[in-house]
Amino acid sequence: MKVIVYAICKDEEKNVDLWYDSMKEADAIYVLDTGSTDKTIELLQAKPNVIIKQEIIKPWRFDTARNESLEMVPHDVDVCVCTDLDERFTPGWRQEIEKVWTKATTRGKYVYNWSFNEDGTPGVSFILDKIHSRHGYSWIHQVHEVLTNEIEEVSVEIPIVLNHYQDREKSREMYLEILERSVRENPNDSRDVYCLAREYKAHYMYDKAIEQFHNYLQIETSTWDQERSTAMRLIADCYKNKAYYEEAIMWLNMAIIETPTVREPYYELGALYHDIGDYENARNYLQQAVKITRKNTDYINEETSWNGSIYDLLAISEYFTGHYEEAYKNAKIAAQIFPNDERIIGNLQLMEQAYKENK
C-alpha cells in the first residue's frame, strides 16, 4: 500500500521539524509552498522523501491551493493524507490506516483535537475526514475548504488522533475578506454563508453575524441539524453579548429543539440563566445537560460544555435554590476537576457547611 502526505504551507519554518517527524511514516510527502519568505522551503528540501514546489495563487483561494497540492501526488498512490504544518499525528498512524483500508475504501475518519486545555487535555475536538483515495476527490470553497467526492464513498473509522497546535500570532484577517467575496459570488452557498456569519461574530460584528446566520437558516440546503443548532446557539451568543437576554433564551430553546440529544445548548442555556440570576431555570437546564454523557461525534464539541465547569455552575444554582446536598455533591466534583481554583474551593467549603447545617 502506497501512503503519502500532502500539504500547503507559507512561512512555517518553526513547524517544519515537528510536522515532518510526525508525517515521515508516509512513503513520500508533497508540499505546495504558496510564497514563504522564511526558511520553510530550505528546511523542507533537507528532509528525506519530501517533494516541494512553490506557486503563488492570486486571488488567494484555499481550495485552489489544496487542489494544486493534490495534483503533485502521483496517480498510483493508494491513500492520500492531507494535513497542515501545525498538526501532528500520534505515532503509528500509518500502520493503523493499513489495518482498516481495503481496495474498496475511499475515505477515512479519525479524531481531530483542534485545541487543548491548560492541563493538556483535549479542548475542542471532532471527527475529521481528510484521508482519502487518490482519485475521485477535490477541494471546494475559497476558505474553510472541504473535500467533495465524485465517486461512491466507502468510509472507514481509523483509530488515530491528529492534534492541532494553532499559531495564534498568525493573522486571520484575510478570512473575512475571502468569505465576503465568496458570499457575494454565491449568496446561496450555505457553508460559506454560515462561515461568514461565524467570522463576523469573531470580529464582534454581532448585528452582521445575526443577519448572516438568519440567511443561512433560510437557505434550502441548510439541512444539517448539528450545524443549524450551532447557528442558533451562535445567534443566542450574539444577543447575549448585546444584553438582549430574552432573544438569547429563545434561540437557545430553538437549538435544543433542533438537537435534543446534544449537551451544548442545554449547558449554554443553563449558564445564561445562571449569569442573569435565574437559578431555578439554571438548575433545570444544567441538570438536563449533565444527563447527556456522550459527546457528539458528528460535529464540534465545545470545551466549556465538557471541561467540568458545568458542575461548578450547577452547584451554585443548587445552593441558591436550597438544594444543599446536591450543591455539596457537585461542588466536590468541581473541586476535583479544578483543585487550584480558590473560588471553587471556597464554594465547596461554603456548601459543605450549608449541607451539614440543613441535614
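The values are calculated or read from the model by the stated rules, or taken from the named source; none is laboratory data. From a predicted model like this one, the values you see are computed outputs, not experimental measurements. Here the Cβ is made from the backbone with ideal geometry for all residues, glycine too, and neighbour counts use every protein chain on show. Surface areas here come from the heavy atoms of the whole protein model, side chains and all, with no ligands, DNA or RNA. Shrake-Rupley method; radii C 1.70, N 1.55, O 1.52, S 1.80 Å.
Observations
- Of the chymotrypsin sites (Phe, Trp or Tyr not before Pro) found in the stretch 262-359, none is in coil by DSSP with at most 11 other Cβ atoms within 10 Å of its Cβ.
- Candidate aspartates and glutamates - alpha carbon under 19 Å from residue 295, same-chain residues fewer than 8 apart omitted: 129, 157, 225, 227, 258, 264, 268, 303
- Cα gyration tensor category, rounded, prolate or oblate, for the stretch 228-359 with a/c compared to 1.5: prolate
- Which of 321, 221 is most accessible, then next, and so on - probe 1.4 Å: 221, 321
- Classification of the stretch 24-76 by its C-alpha gyration tensor yields an oblate form. The axis ratio a/c (a ≥ b ≥ c) is 1.5 or more, and b/c is at least a/b.
- Three-way shape call for the stretch 159-200 based on the alpha-carbon gyration tensor, with the a/c threshold at 1.5: oblate
- Within-11-Å neighbourhood charge of residue 147 [Cβ basis; K, R +1; D, E -1]: -2
- Charge tally in the Cβ shell below 14 Å around residue 193, where Lys, Arg are +1 and Asp, Glu are -1, residue 193 excluded: -1
- Residues 254, 23, sorted by accessible area with the largest first, give 254, 23 [1.4 Å probe; ligands and nucleic acids excluded].
- Gap separating the Cα centres of the stretch 308-327 and the stretch 124-157, nearest whole Å: 43 Å
- Most to least packed among 42-52, 104-114, 335-345 [average Cβ atoms within 10 Å]: 104-114, 42-52, 335-345
- Of the labelled figures (1) 21.6; (2) 25.1; (3) 22.8, only one reflects Kirkwood radius over Cα pairs in Å as derived from the coordinates, namely (3).
- Rounded accessible area of residue 223 (nearest 10 Å², 1.4 Å probe): 110 Å²
- In the chain, helices alone account for a calculated mean residue ellipticity at 222 nm of -15000 deg cm²/dmol, with every DSSP H run of four or more residues adding -39,500 (n - 2.57).
- Links that overshoot a 21 Å alpha carbon limit, given the list 24/99; 170/240; 10/47; 329/359: 170/240
- Local electrostatic count, residue 292, Cβ distance below 10 Å [Lys/Arg +1, Asp/Glu -1]: +3
- Each part gets one Cα centre, and for the stretch 17-36 versus the stretch 45-88 those centres are 9 Å apart.
- Residue separation of residue 78 and residue 126 scaled by 0.36 nm, minus their Cα-Cα distance, works out to 14.8 nm of gained length.
- Probe 1.4 Å, protein heavy atoms only - accessible area per residue of the stretch 154-208 in square angstrom: 59 Å²
- Accessible surface, 1.4 Å probe, highest first, among residues 156, 16: 156, 16
- Heavy-atom accessible area for residue 180, with the other protein chains in place and a 1.4 Å probe, reaches approximately 50 Å².
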